[in-house]
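Enquirer: What follows is a structure written as structure tokens; I'll ask about it next.
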Ligand SMILES: CC(C)(COP(=O)(O)OP(=O)(O)OC[C@H]1O[C@@H](n2cnc3c(N)ncnc32)[C@H](O)[C@@H]1OP(=O)(O)O)[C@@H](O)C(=O)NCCC(=O)NCCS
């Protein structure tokens with residue numbers, strides 16, 4: 001029997017996760033049954049997108065309490081995702097990691113509930129992905145890296161071996177973080193940046209080398 005799941009967020013990120021769940025079901029039998037989407041304030045475009053996927057908006061996030069379903073947070077901004085998790089935590093249980101069948105995940109990795117790994121992403125070995133970490137399309141996370149809760153790695157970014165990323169760090173599209181560097185809680189690495197030195201908490205860095 002497929003397990004019911006709801007996606008929190010009708011935006012593009014949430015609808016992309018709908019596609020990941022469909023791909024998981026296509027590749028390994030019916031693992032999940034998407035009951036629908038939750039969103040406190042869905043946009044018209046988001047609602048139309050949900051409808052085109054053949055799914056439904058079930059109402060605001062508080063509806064999770066009345067549903068016998070796991071949830072996944074389909075919100076790309078790591079801070080907003082963290083806020084949603086704080087509110088949803090008492091109401092339900094996040095889904096076990098959702099890994100697109102076209103992603104590659106090596107041996108000896110630790111992935112918490114709420115993790116999403118998108119198509120083409122590569123996770124190698126002894127990587128820790130905390131709760132609700134999302135690794136987007138074609139991004140890589142190297143050996144022994146530790147990504148704290150809510151980290152967002154955007155498409156094509158390269159998080160090198162032994163990096164340590166703090167809570168709710170955003171790694172922009174096509175950014176590179178050199179091996180062993182750390183990025184503090186709440187910081188943002190701009191698209192295309194190359195991080196060559198440790199970055200403190202609550203910083204925005206960009207450029208090559210990132211400053
Ligand atoms: C770095 C970033 C966080 C800066 O955001 P911001 O503070 O709102 O920046 P602004 O757009 O106001 O731009 C401020 C300046 O930084 C420059 N800038 C913005 N992003 C930059 C980047 N990634 N690299 C280099 N310079 C950048 C702008 O050109 C502008 O320069 P100027 O003052 O000389 O005109 C953001 O641009 C970014 O790269 N975010 C990641 C987005 C991403 O990965 N999107 C993919 C989603 S799937």
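Computed from the coordinates by the stated procedures, all read-outs in this text should not be read as laboratory data. Computed from a prediction, not measured in an experiment: that's the story for all the values here. Every residue, glycine among them, receives a Cβ derived from its backbone with ideal geometry; neighbour counts consider all protein chains shown.
Enquirer: Would you kindly calculate the mean projected area, averaged across all directions, of the convex hull enclosing the Cα atoms of the chain, in square nanometres? Intermediate results must be reported in sequence, preceding the final value.
Expert: Numbers: hull surface 43.0 nm².
Taking a quarter of the hull surface, the average projection is 10.8 nm².
Enquirer: Modelled label-to-label distance, residue 56 and residue 93, 7 Å Cα→beta-carbon offset: nm?
Expert: 2.5 nm
Enquirer: Measure nothing fancy, just the Cα-based angle from helix 12-28's long axis to the longest principal axis of the chain, in degrees from 0 to 90, nearest 10.
Expert: For 12-28 against the chain, the angle is about 80 degrees.
Enquirer: Here is a follow-up. Quick check: Cα centre of region 148-189 to Cα centre of region 54-109, how many Å?
Expert: Value for the Cα centre distance between the two parts: 21 Å.
Enquirer: 7 Å from Cα along Cα→Cβ at both residue 31 and residue 179: what's the point-to-point distance in nm?
Expert: Between residue 31 and residue 179, the label points sit 3.1 nm apart.
Enquirer: Given the rule -39500 (n - 2.57) for each run of at least 4 DSSP H residues, summed and divided by the residues of the chain, what is its mean residue ellipticity at 222 nm, to the nearest 500 deg cm²/dmol?
Expert: Helix contribution divided over all residues of the chain: -5500 deg cm²/dmol.
Enquirer: Another one. Report, in degrees rounded to the nearest 10, the 0 to 90 angle that the Cα long axis of helix 78-88 makes with the longest principal axis of the chain.
Expert: With rounding to tens, the tilt is 40 degrees.
Enquirer: Taking only the alpha-carbon positions of region 3-91 and ignoring solvent, what does the Debye formula give for the base-10 log of I(q)/I(0) at q = 0.11, 0.19, 0.22 Å⁻¹?
Expert: Each listed q corresponds, in turn, to -0.27, -0.81, -1.08.
Enquirer: What FRET efficiency would be calculated for the residue pair residue 80, residue 211, taking the C-beta separation as r and a Förster radius of 25 Å, to the nearest 0.05? Please report the intermediate quantities before stating the final value.
Expert: Values: r = 26 Å, r/R0 = 1.05.
FRET efficiency, residue 80 to residue 211: 0.45.
Enquirer: Also: Within a 10 angstrom radius of the beta carbon, how do 132, 143 rank from fewest other beta carbons to most? Numbers along the way, then the final one.
Expert: Working: 132 25, 143 17.
Sorted ascending by nearby Cβ count, the order is 143, 132.
Enquirer: With a ≥ b ≥ c the root eigenvalues of the C-alpha gyration tensor of region 1-49, is it rounded (a/c under 1.5), prolate (a/b larger than b/c) or oblate?
Expert: Numbers: a/c = 3.41, a/b = 1.98, b/c = 1.72.
It comes out prolate by the Cα gyration axes.
Enquirer: Where the convex hull is taken over the Cα atoms of region 97-211, what is its projected area averaged over directions, in nm²? Let's see the in-between values first.
Expert: Working: hull surface 20.7 nm².
Reported value for the Cα convex hull: 5.2 nm².
Enquirer: Under the Kirkwood approximation applied to all pairs of distinct alpha-carbon atoms, what is the hydrodynamic radius of region 80-149 in Å?
Expert: Values: mean 1/r = 0.0817 Å⁻¹.
Here the Kirkwood hydrodynamic radius works out to 12.2 Å.
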